[in-house]
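**Student:** Here you go, one structure.
Bear in mind that the values in this text are calculations on the coordinates, not laboratory data. Worth saying up front: this structure is predicted, and the values here are computed from it rather than measured. FYI the Cβ positions are ideal-geometry reconstructions off the backbone, even for glycines, and counts take in every protein chain you see.
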Amino acid sequence: MSETDETPTDERRSDESLPETDDEWRERLSDEEYEILRERGTEARFSGEHVDRDDDGVYECAGCGTVIFDSGTKYDSGCGWPSFYAADDSKVTLRDDDRHGMSRVEVLCANCDGHLGHVFQDGPEPTGERFCINSVALDFESRERAD
C-alpha cells in the first residue's frame, strides 16, 4: 500500500485548499479514487463498500469532504452501485455525457469537480431520479440516532 493509500480521509479534509494540479490530486487520492474522481472512471457493479450500506449518516465526496447525499435518500435500485433519489442541488453539478456511445447525465461534486457517477430519470418518488454513484467517490460519515 502506498503512502497516499494510508492517508486517513479526515487528514485529507483537514486541508481546506483543493489541489490545483494532477500531481497534487495524485498525492491526495488513492489510485482508485484518482481514476474515478479525476479520470471519470467507474467501479465494477456490486463491488463498492456502500452498495448495501443502510446506516444512518451522510455521504461525502471522497475528494474534498463535501456532503452530497443523506442516507435517508438512499435506496436499493438493484443497479449495482449506491443509489439515491436526491442530492443537495447546491453540492452537485450535472453535465451531459455522451461517452461510450451512451447519452447520460454526469454527476460531479460542485466543490472539487470530481466525477461521482450519473443520474437517471427512472428513480422512485418523490423525485423520480436515480443518482447512480461510485462507492469509491464517497466517504460515509455515520450519524448517531437519538433514542
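**Student:** Under the definition of Cα pairs under 8 Å and six or more residues apart, what whole-number percent is the relative contact order of the chain?
**Tutor:** Numbers: 281 pairs, mean separation 36.7, N = 147.
RCO, the chain: 25 percent.
**Student:** Another one. Scan the stretch 99-147 for GluC sites (Glu not before Pro) in coil per DSSP, keeping those whose Cβ has at most 11 other Cβ atoms within 10 Å, and list them by number.
**Tutor:** On the way: sites: GLU106, GLU129, GLU141, GLU144; in loops: GLU129, GLU144.
For GluC sites (Glu not before Pro) across the stretch 99-147 that sit outside H, G, I, E and B with at most 11 neighbouring Cβ atoms in 10 Å, the list reads GLU144.
**Student:** Let me ask you something else. Compute all pairwise cysteine Cβ distances in the chain, then list the cysteines with no distance under 4.7 Å to another cysteine.
**Tutor:** CYS79, CYS132
**Student:** Can you list residues from other chains, or at least 5 along the same chain, whose modelled amide H is less than 5 Å from the amide H of GLY123?
**Tutor:** Placed amide hydrogens put GLU129, ARG130 under 5 Å from GLY123.
**Student:** Another one. Quote the convex hull volume per residue of the stretch 11-84, based on C-alpha atoms, as a whole number of Å³. Working shown, then result.
**Tutor:** Working: hull volume 7.4 nm³, N = 74.
About 100 Å³ per residue, rounded to a whole number.
**Student:** On to the next question. May I ask you to list the chymotrypsin sites (Phe, Trp or Tyr not before Pro) in the stretch 25-54 that are in a DSSP loop and have at most 14 other Cβ atoms within 10 Å of their Cβ? List each step's numbers first, then the result.
**Tutor:** Values: sites: TRP25, TYR34, PHE46; in loops: PHE46.
Sparse-neighbourhood loop chymotrypsin sites (Phe, Trp or Tyr not before Pro): PHE46.
**Student:** State whether the stretch 30-130 is rounded, prolate or oblate according to the following rule on the C-alpha gyration tensor (a ≥ b ≥ c being the square roots of its eigenvalues): a/c under 1.5 gives rounded; otherwise a/b larger than b/c gives prolate, and the remaining case gives oblate. Display every interim value, and only then the final one.
**Tutor:** Working: a/c = 1.25, a/b = 1.12, b/c = 1.11.
It is rounded, given that a/c, with a ≥ b ≥ c, falls under 1.5.
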